[in-house]
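The values are calculated or read from the model by the stated rules, or taken from the named source; none is laboratory data. Keep in mind it's a predicted model, so treat the numbers as computed, not measured. Cβ sites come from the backbone with ideal geometry, for glycine too, and all protein chains shown count toward neighbours.
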Amino acid sequence: MLADFQQAMADLTASPRLCNDARRDPGLMARHYTLSPMEARRLQAMVEHPGMACACIVYRANRLAPLALNLRATCAALGPALRPLADAYWAEYPEGNVHFYIESARFCDFVADALAQGAELPEGVAAALAVDRARVRAALAESRLEARRAATGA
């Protein structure tokens, strides 16, 4: 049960929508996770606490940071389309990668796939993505090379 409680807590932090759903439906978490009655009450108290919104904001800011830092042109080109696209990306990839270049490269692939599937994104996204994607791939390759050098002492 503890593992389900911990997973439920992580899932709530990562999803404002799940928090809102749990607020509206107090039995939701107990139906989707194996929880003791005390764990279910604690999760419900968490989603109803005003501080939970802050936890969600911090989580999303941490997920957005690598994109904002490494994909500036793409983020600027996306404009208001960034939020729904990031939401879709985070839904598909709920676990972020702490390596900023890996997370950024994965988002680039996600946006490229969306474009290939005909997603209607603002003009200029494809060009900005091409530039950012090439730069991120080069930085990622260099970071892996540096890690190999450090591991071998070269």
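Is one or more of the residues making up the stretch 8-17 outside the structural domain of A126 (by TED's automatic domain parsing), loosely packed, with under 12 Cβ neighbours inside 10 Å, modelled with pLDDT under 95 and not charged (D, E, K, R)? So far as the stretch 8-17 goes, no, none of its residues is outside the structural domain of A126 (by TED's automatic domain parsing), loosely packed, with under 12 Cβ neighbours inside 10 Å, modelled with pLDDT under 95 and not charged (D, E, K, R). Among the candidates R23, R31, R42, the residue that is of a type in the set (K, R), outside the structural domain of A130 (by TED's automatic domain parsing), over 20 Å from R133 (Cα atoms) and surrounded by 14 or more Cβ atoms within 10 Å (Cβ to Cβ) is uniquely R42. I need a count of the residues in the stretch 44-78 that are in a loop (DSSP other than H, G, I, E, B) and free of Cβ contacts under 8 Å to residues at least 60 places away in the same chain. Counting residues in the stretch 44-78 that are in a loop (DSSP other than H, G, I, E, B) and free of Cβ contacts under 8 Å to residues at least 60 places away in the same chain gives 2. What about A139, is it on the phi < 0 side of the Ramachandran plot, touching a residue at least 12 places away in the same chain (Cβ under 8 Å) and part of a helix (DSSP H, G or I)? Criteria met by A139. Of the listed requirements (1) surrounded by 14 or more Cβ atoms within 10 Å (Cβ to Cβ); (2) at pLDDT below 95, A77 misses just one: (2). Among residues of the stretch 4-28 that are charged (D, E, K, R), those with a Cβ under 8 angstrom from a residue that is outside any helix (DSSP H, G or I), sequence gap 6+ or separate chain, pair up as D4/Y33; D4/T34; D4/L35; D11/P94.
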